[in-house]
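K.L.:
Below is a structure I'd like to ask you about.
The values are calculated or read from the model by the stated rules, or taken from the named source; none is laboratory data. Since the model is a prediction, treat every value here as computed from it, not as a measurement. Heads up, the Cβs are rebuilt from the backbone with ideal geometry, glycines too, and the neighbour counts pull from every protein chain shown. All accessible areas refer to the heavy atoms of the entire protein, side chains included, with ligands and DNA or RNA removed. Shrake-Rupley method; radii C 1.70, N 1.55, O 1.52, S 1.80 Å.
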Amino acid sequence: MTGRERQRFETRAIHVGQAADPATGATIVPVYQTVTYTQDAIGQHRGYEYSRTDNPTRAALEVCLASLEGGRFALAYASGMAAIHGATQLLEAGDHVVVADDLYGGSYRLFTKVLPRFGVRFSYVDATRPEEIAKAMEPATRFVWIESPTNPMLRLVDVAACAEIARRQGARLVVDNTFATPYLQNPLALGAAIVVHSTTKYIGGHSDVIGGAIVVDDEELFQRLRFARNATGGVPGPWDAWLTLRGARTLALRMREHEANARQVARFLCGRREVARVHYPGLPDHPGHELAERQMRGFGGMVTIDLAGGAAAARTFCEATRLFALGESLGGVESLVGYPWTMSHAAFPPEEKLRKGISEATVRLSVGIEHADDLCEDLAQACLRAAQGS
Ligand SMILES: Cc1ncc(COP(=O)(O)O)c(C=O)c1O
């Protein structure tokens, strides 16, 4: 099947790019653990030459991901950061990027510490107010770069409005769609030119494989990205591609469970006096709730909270949970708790974090697919410990 099937998401996740293996009939895409492909004569091969350039297991993943995002082309990378770096290979010295300031710390590190050395300039704006993006645009602006919902404050950014601002100035909108996943949001359909993913998170879904992807609709862009990826080499191995594809097959099921659990957890935490604020786009009083209803098909599995007892309470809370493992990352079937101040957002200076609303009282929850009542019981005992310890 091609990436342009009309079937529904769940069906495409399981079938697109995954026809029975032509060589053996294997129903499941095999792991083509090979570097090279024997040629019938010099230059005569069957579409594959060398696995940095192309590999059949990786190709299956790419065709599937393109279909799930509603684009024509996808490229898999060795990590989300490799994909993000891959997208920036479209830039040249002198180019300018307008970036939403509420973004993943690793992207911020790349944009502040690495790419400026190559002459690319970045301006940071509050993208929840698209007029701020419009103000920051320059003749040299090539990309507008956003995440929605943002990490970790779960703010909503109007993807269609940003795409229109970028388009008017001849720039491209890039959306990091890691938090939303293609199941809940398709930025290309909202006008974005490039979608990036850390497939390490929900798409892989089991916290056992690092990976990334870019999805585009424009063939010229795809060819340039593909050339750059082959030239720089940040590809996933076949096993990693296979594990990611296996994860993608159940993305819809898992996202439904993540979301149902996150809603229950968010409502539960709203009722706890140890919790000063709950940030979850599914709550009707969340400032981005209506926008989320418009541009997403659900609210996702991430919940961020501010503990009433401040830094000490937040730290105690993070160390007190039993089912929520304290760790970096998100999007796996198991629940995780993170402390953005020193973990995912360590790369931001303190004043920057505070400006974004991340304080020492902020805790990020990646709500897994365990039973929601067990998760709430775990959070309840962590709340009590936080109140005692702070
Ligand atoms: C929104 C977002 N984008 C990109 C990345 C980077 O992905 P990876 O860790 O796979 O390189 C992360 C990692 O946490 C992320 O949260």
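K.L.:
Using the structure shown, decide if residue 186 is open to solvent by less than 20 Å² (accessible area, probe 1.4 Å) and at pLDDT 95 or above.
P.N.:
Taking the combined requirement at face value, the residue does not satisfy it.
K.L.:
Now, a different point. When you go through 53, 88, 38, 57 one by one, which is the residue that is out of contact with any helix residue (DSSP H, G or I) (no Cβ under 9 Å at 6 or more places or on another chain) and of a type in the set (Ser, Thr, Tyr)?
P.N.:
It is 38.
K.L.:
Please give the number of the condition residue 166 fails out of (1) outside any loop (DSSP other than H, G, I, E, B); (2) surrounded by fewer than 18 Cβ atoms within 10 Å (Cβ to Cβ).
P.N.:
Here residue 166 meets the rest and fails (2).
K.L.:
(1) small (Gly, Ala, Ser); (2) more than 15 Å from the chain's Cα centre (by Cα); (3) open to solvent by less than 40 Å² (accessible area, probe 1.4 Å): which one isn't true of residue 198, the others all being true?
P.N.:
(2)
K.L.:
In addition: Among the residues of the range 9-32, write down those that are outside any loop (DSSP other than H, G, I, E, B) and either among the basic types (Lys, Arg) or open to solvent by 50 Å² or more (accessible area, probe 1.4 Å) (or both).
P.N.:
Correct list: 10, 11, 12, 14, 15.
K.L.:
Residue 273 passes all but one of (1) over 30 Å from residue 126 (Cβ atoms); (2) over 19 Å from the mean Cα position of the chain (by Cα); (3) surrounded by 15 or more Cβ atoms within 10 Å (Cβ to Cβ); which number fails?
P.N.:
Among (1) over 30 Å from residue 126 (Cβ atoms); (2) over 19 Å from the mean Cα position of the chain (by Cα); (3) surrounded by 15 or more Cβ atoms within 10 Å (Cβ to Cβ), the lone unmet condition for residue 273 is (3).
K.L.:
Of all residues in the range 145-170, which are of a type in the set (D, E, K, R) and closer than 24 Å to residue 354 by Cα?
P.N.:
Passing the criteria: 147, 155, 158.
K.L.:
Further question on the same structure: Among the residues of the range 145-163, which ones are more than 18 Å from residue 293 (Cα to Cα) and assigned to a loop (DSSP other than H, G, I, E, B)?
P.N.:
151, 152
K.L.:
Which condition number in (1) closer than 28 Å to residue 252 by Cα; (2) open to solvent by less than 60 Å² (accessible area, probe 1.4 Å); (3) not charged (D, E, K, R) is the one that residue 104 fails?
P.N.:
(2) is the only condition that residue 104 fails.
K.L.:
Among the residues of the range 169-178 satisfying the criterion of being out of contact with any Ser or Thr (no Cβ under 6 Å at 6 or more places or on another chain) and surrounded by 24 or more Cβ atoms within 10 Å (Cβ to Cβ), which is nearest to residue 104 (Cα to Cα)?
P.N.:
Among residues in the range 169-178 that are out of contact with any Ser or Thr (no Cβ under 6 Å at 6 or more places or on another chain) and surrounded by 24 or more Cβ atoms within 10 Å (Cβ to Cβ), the one nearest to residue 104 (Cα to Cα) is 176.
K.L.:
Here's another thing I want to ask about it. Among the residues of the range 33-78, write down those that are surrounded by fewer than 21 Cβ atoms within 10 Å (Cβ to Cβ) and of a type in the set (Ser, Thr, Tyr).
P.N.:
Correct list: 34, 36, 37, 38, 48, 50, 51, 53.
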